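Structure first, commentary second.
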Amino acid sequence: MSNLLKFSLAAAVFAAVSGFAHAQETPAAASTPAPGAEEQHLPPYDCTLTEAVLCKAGSSCTPAKTLGELQLPARVLLHFEQQVLAGVSADGLPHVSTMSSVARSGDIVVAQGVDSGTGWMVHATSNDDEVTFVAASDDFIVNAFGTCKPLGVAQ
């Protein structure tokens, strides 16, 4: 896998996690709850992506052992209030990516963003711990699956 693809995938994973940070209607920045409705605060989420499938143009999809340069399982933080997806890159330095939009429909939360030319999306529900991550560029798509747990909330 090329270094650009590895970096883009890692950047996209971090970006996606950050998209969960402040779940509101799109656009993520200035959204107000409907009259009489109370905005539901989402805590930060500690997510672990454990499975992935990489699809490249002109070839079939194959199971992946990494998300870019991140070995699976890959751990990331979704922080909705800060609107960031954060993790640690292969060189040990933090990587933070900003959520471009966060939308909510009932218990479903979808965060999206773009990082280093790679578009990403995180899809989760507030009633279970499952999460799906997708990153795409002009020549690949990666789908990853895992779980998230809220931080700072008694369970």
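The values are calculated or read from the model by the stated rules, or taken from the named source; none is laboratory data. Keep in mind that this is a model prediction, so the values were computed, not measured. A quick note on method: Cβ atoms are made from the backbone with ideal geometry, for glycine too, and the neighbour counts reach across all protein chains shown.
Points to keep in mind about this one:
Let's see how each residue does on (1) at pLDDT 85 or above; (2) farther than 19 Å from Asp138 by Cβ:
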position	(1), (2)
Ser2	no, no
Ala28	no, yes
Ala37	no, yes
Asp46	yes, yes
Leu49	yes, yes
Arg75	yes, yes
Ser89	no, yes
Gly92	yes, yes
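- Scanning region 80-104 for residues that are of a type in the set (Gly, Ala, Ser) and surrounded by fewer than 19 Cβ atoms within 10 Å (Cβ to Cβ) gives Ser89, Ala90, Gly92, Ser101, Ala103.
- For Leu67, the test of being surrounded by 15 or more Cβ atoms within 10 Å (Cβ to Cβ), closer than 14 Å to Asp115 by Cβ and either among the small types (Gly, Ala, Ser) or modelled with pLDDT of 50 or more (or both) is passed.
- Looking across region 44-91, the residues that are of a type in the set (Asp, Glu) and in a strand (DSSP E or B) come down to Asp46, Glu51.
- Selection within region 62-88 - free of Cβ contacts under 8 Å to residues at least 24 places away in the same chain and of a type outside the set (A, V, I, L, M): Thr62, Pro63, Lys65, Gln71
- Of the criteria (1) modelled with pLDDT under 90; (2) outside any strand (DSSP E or B), which one Asp138 fails: (1)
- Restricting region 77-113 to residues that are of a type in the set (Gly, Ala, Ser) and in contact with a Pro (Cβ under 7 Å, 6 or more places away or on another chain) leaves a set whose member that is farthest from Glu130 (Cα to Cα) is Ser101.
- For region 137-150, residues that are surrounded by 15 or more Cβ atoms within 10 Å (Cβ to Cβ) and within 25 Å of Pro44 (Cβ to Cβ) total 7.
- Listed by first and then second residue, the pairs with beta-carbon distance under 6 Å, at least 6 apart or on different chains, first residue in region 89-106 and under 24 Å from Gly68 (Cα atoms), second of a type in the set (Phe, Trp, Tyr) and buried (at least 18 other Cβ atoms within 10 Å of the Cβ), are His95/Phe14; Ser97/Phe14.
- Selection from region 122-136 of residues that are within 30 Å of Gly58 (Cα to Cα) and surrounded by fewer than 19 Cβ atoms within 10 Å (Cβ to Cβ): His123, Thr132, Val134, Ala136
- When every residue of region 109-119 is checked against the conditions, none turns out to be surrounded by 12 or more Cβ atoms within 10 Å (Cβ to Cβ), modelled with pLDDT of 90 or more, hydroxyl-bearing (Ser, Thr, Tyr) and touching a Phe, Trp or Tyr at 6+ places or on another chain (Cβ under 8 Å).
- Region 92-123, residues that are part of a loop (DSSP other than H, G, I, E, B) and closer than 20 Å to Pro43 by Cα: Met99, Ser100, Gly106, Asp107
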